[in-house]
1. Calculated from the structure, Rg and Dmax of the Cα atoms in Å equals which of (1) 19.0, 58; (2) 20.0, 62; (3) 20.5, 69?
2. Where the centre of each part is set by its Cα atoms, how far does region 274-328 sit from region 54-130, in angstrom?
3. List the GluC sites (Glu not before Pro) within region 40-95 that DSSP assigns to loop and that have no more than 11 neighbouring Cβ atoms inside 10 Å.
4. Taking the Cα centre of the chain as origin, work out the dipole magnitude from +1 charges on Lys and Arg Cβ and -1 charges on Asp and Glu Cβ, in debye rounded to 20.
5. Rounded to the nearest 500 deg cm²/dmol, what is the calculated helix-only ellipticity per residue at 222 nm for the chain, with -39500 (n - 2.57) per DSSP H run of length n ≥ 4?
6. Could you please rank Glu238, Glu274, Glu307, Glu287, placing first whichever residue has the fewest other Cβ atoms within 10 Å of its Cβ?
7. Among Leu27, Leu275, Leu77, determine the one that fluctuates most according to a GNM of the chain built with springs between C-alpha atoms less than 10 Å apart.
8. Over 22 Å between C-alpha atoms is what I'm after, so list which of Lys85/Lys154; Lys85/Lys144; Lys5/Lys252; Lys139/Lys239 land there.
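Read-outs throughout are calculated quantities, based only on the coordinates presented, and are distinct from any laboratory measurement. No experiment lies behind these values; they were computed from the predicted model shown. Counting neighbours? That spans all protein chains shown, and the Cβs are built from the backbone with ideal geometry, glycine included.
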Amino acid sequence: MNPFKLQRLGIIMEPEPGNDLETEGVLNPAAVRGPDGNLYLFPRLVAKGNYSRIGIAKVLFSPDGDPVGVERIGIALEPEADYEKRPNGGGGCEDPRITFVKPLNSYIMTYTAFSSFGPRIAMAVSADLLHWQRLGLAKFAKYKDIEFNGVNNKDACIFPSALISPHGHNSIVMLHRPLFPGTLPEQIVKAPDNRRVRDHHECIWISYSHINDEPYHSSPLPMFVSNSPLALPEFPWEKLKIGAGAPPVMSKYGWLLVYHGVMQGCLTPDLNDELAYSAGVMILDSEHPHKILYRSPDPILSPEIPEERIGTIGDVVFPTGIDQRNDIGRPDRYDIYYGMADNRIGVARLDLPASLPMENSSQ
């Protein structure tokens, strides 16, 4: 039995009738508290032809403190840079994660820039969540003989605090998921059951960018170095792929990471989907985040209700936003915002258990 309690709170956002910007879906939002204390979502808005923008919406709450809807505000980013556009007029700014990074005193957005070269991790910075300055594509040093630059990469998120890298440098820390050739779930599902996991390729990675004396937005974007594998697929529900989800948040047990995993098998009869996306939990060491203290053997959320099973891509729950409910005096409650079948956005409540289970723990 999974000790992490999670309760669905409902659909928080779905395509607005008559809104051309949302014709093909509203999904995979960042969630972050603004300078005014309000909670804002930054959903991926998909127009005709899979043309994706990043929107801004203010979350509305019930008198009891539960999220119940949104007020649309506008657009944060749309494809403008070369690395976000495709020659046929398409393009994408997709699947953002946003963290207020304390040592930079700024909000940092990581998002997927989709050009003709494929998906890459891009970054932007803001002081107020309304005005964003692009920082460009993230660059990575090699890990042994593994090259990251020029490789498809997605699902990046940043820790809110500076941490010490393995080489002793004060650093901004990123989790990300390179898509090396042959590691797409659609490719792995066709591989033999006894296939070898190759050189840590099928992995969530952790990388460090050293903080220097110049503001992050006024100097060349520092390279991410000290790259190392954080976690490989381990349990049946994540056998085909895992990826970072919502940005890590400090909990009473360490860094709380809600991530996603992919398994083979359609959960919905009469649909042709071969994959199912679910969400799980990791707890990472507060000072050494490359150390996993706990990992849930079963998902905390799997596609079960119709809105998660039927949509643009069926059988998908995809966590990208997290809100610790300090605003109502409940620091052990976390609201998880997630994509539902690549078409709409749901929210679920996660309550931390009274103690961290010893099974699947390194302690």
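1. Entry (1).
2. Value for the Cα centre distance between the two parts: 20 Å.
3. Glu80
4. About 720 debye.
5. -500 deg cm²/dmol
6. Lowest count first: Glu287, Glu274, Glu307, Glu238.
7. Leu275
8. Violating the 22 Å limit, Cα to Cα: Lys85/Lys144; Lys139/Lys239.
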